[in-house]
Amino acid sequence: MVAVQIGWDASVDEIVVSVADNGPGIPRSRARWLFDRDPATGKAAGLALVMVRDVAVAHRGSVNVESSLTAGSRFTLRSPRRA
């Protein structure tokens, strides 16, 4: 199952988009390289997520992941309402 939530965090005036699944999760050793290139190999775990991070940062936002090997993963994109 995939759940998508779109909302607004009034306390910091940000738009928040979350995408969650109930899949097998992402091991911590791999999750740390989802948004960056591994300095040892120069490879990214997922090129699309590197691009998502770059666009989010360009708009003064952020993207992160929370993952559990038993409960799936949640990716959260935050962006200022007024860029």
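Taken together, the values in this text are just the output of simple stated rules run on the coordinates, not laboratory data. Predicted model, so just to flag it, every value in this text is computed and none were measured. Heads up, the Cβs are rebuilt from the backbone with ideal geometry, glycines too, and the neighbour counts pull from every protein chain shown.
Among the conditions (1) in a strand (DSSP E or B); (2) on the phi > 0 side of the Ramachandran plot, the only one that residue 25 does not satisfy is (1). Within the range 29-58, being under 22 Å from residue 4 (Cα atoms) and either loosely packed, with under 12 Cβ neighbours inside 10 Å or free of Cβ contacts under 8 Å to residues at least 12 places away in the same chain (or both) holds for 47, 48, 51, 54, 55, 57.
Looking at the range 47-83 only, could you name the residues that are part of a helix (DSSP H, G or I) and hydroxyl-bearing (Ser, Thr, Tyr)?
none
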